[in-house]
Amino acid sequence: MPFQKSDDKVIIQDGNENSVEVYFYGATVTSWITAGKERLFLSKNAILNGTKAIRGGIPLVFPQFGKAEDSDAPTAALPQHGFARNSKWEFLEGKDGDNEVTGIFGLSPSSVPTELYQKWPFPFKLLYTVTLRPQSLSTFISVKNEGSEAFDFHTLLHTYFSIPDISTLKIHNLANNVFIDKVANGARDTETREVITVNGEVDRVYEDVNAEAVLVQYGDGSGIRVKRIGVKDVVVWNQWEAKAAAMSDFGDDEYKEMICVELGNVSKYVHLAPGETWEGGQELSVI
Ligand code: TA6
């Protein structure tokens, strides 16, 4: 059986040691196993009962990344990262294809907590398509404007990768891109490094990046290729020691075992006219 559904999640398996686990809360992918090995980070303190966004895996950001900077923006009243990660999605369909297994999840306003939807009351339909192949995982979002006026949104796949050791991590392919440095009060700069290493807090939004894929590489040379499909920006985040210690749903030392490399459209809003659909996502493949 490729789809094992329980009350709070579905586990999708291909019968060859590859699987992906998706909680209905947030449609959050919490595990991706290829060749018997876990590729995503999930905090040991993550809250999985639907009372807080899940700390780890791939939380979905929509319709606002962070908090809106402009207090007049239609998304200004929403909490950090919007409401998609705090809503219970529907498992719409499972497809068992040739060499791939796919789960499709949906979110409509009626499933968004009322107090959140009231803050951004635009009619929309989100579809989230998760496809497991032997060496890769693809996750795609589609956003449809089902109303009679245009709306603006951000969306992001806030992926937490499980890594053996932050001190040997290398991130490739972000050189020559402009970034916003959230650790330096939003200063703008241009990345000069061909290989990014992390030895302190990092929280950067690389805008409109030039490379098709970012490589997340571990000390032994293995890693994950993170390919952009229809999305423009790449966020790199590691909270490091002090911020980790201040987070209730994150272990004090876990910052050494994870890196967030997040693809989406967050530096500018996507403008969606009535009746239109936007699509974008990522393909993660083992290197
Ligand atoms: O994507 C990076 C970021 O926006 C950071 O600024 C950091 O706050 C992180 O997301 C996690 O946010 P959260 O609301 O899940 O604690």
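The values are calculated or read from the model by the stated rules, or taken from the named source; none is laboratory data. Since the model is a prediction, treat every value here as computed from it, not as a measurement. Backbone-built Cβ (ideal geometry, glycine too); neighbour counts: all protein chains shown.
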Exercise. Restricting the range 32-44 to residues that are buried (at least 20 other Cβ atoms within 10 Å of the Cβ) and out of contact with any Ser or Thr (no Cβ under 7 Å at 6 or more places or on another chain), which is nearest to ALA76 (Cα to Cα)?
Worked result: TRP32
For this session: Sort out which residues of the range 75-102 are within 16 Å of the ligand (Cβ to nearest atom), outside any strand (DSSP E or B) and surrounded by 16 or more Cβ atoms within 10 Å (Cβ to Cβ), and write them in order of number.
Result: THR75, LEU78, HIS81, PHE83, ALA84, ARG85, ASN86, SER87
Exercise. Which is more than 20 Å from the chain's Cα centre (by Cα), of a type in the set (A, V, I, L, M, F, W, C) and modelled with pLDDT of 95 or more, of PHE122, PHE91, PHE83?
Worked result: PHE122
Seminar exercise, completed: Within the range 237-287, the residues that are without any contact (Cβ under 8 Å) to a residue 24 or more places away in the chain and small (Gly, Ala, Ser) are ALA244, ALA245, ALA246
Problem set entry | Candidates GLY186, GLY200, GLY230, filtered to the one that is under 25 Å from GLU69 (Cβ atoms), surrounded by fewer than 16 Cβ atoms within 10 Å (Cβ to Cβ), touching a residue at least 24 places away in the same chain (Cβ under 8 Å) and within 15 Å of the ligand (Cβ to nearest atom) | GLY200
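In this structure, does SER31 turn out to be at pLDDT 95 or above, away from the ligand (no atom under 16 Å from the Cβ) and not in a strand (DSSP E or B)? Let's see the steps before the verdict.
On the way: at pLDDT 95 or above: yes; away from the ligand (no atom under 16 Å from the Cβ): yes; not in a strand (DSSP E or B): no.
In short, no.
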For this session: Residue by residue through the range 9-28, note down the ones that are surrounded by 17 or more Cβ atoms within 10 Å (Cβ to Cβ) and either among the hydroxyl-bearing types (Ser, Thr, Tyr) or assigned to a loop (DSSP other than H, G, I, E, B) (or both).
Result: ASP14, ASN18, SER19, TYR23, PHE24, TYR25, GLY26, ALA27, THR28
Seminar exercise, completed: Within the range 45-74, of all residues that are within 16 Å of the ligand (Cβ to nearest atom) and polar (S, T, N, Q), the one surrounded by the most Cβ atoms within 10 Å (Cβ to Cβ) is GLN64
Exercise. Can you find a residue in the range 204-221 that is within 13 Å of the ligand (Cβ to nearest atom), farther than 23 Å from HIS154 by Cα and crowded, with 16+ Cβ neighbours inside 10 Å?
Worked result: no
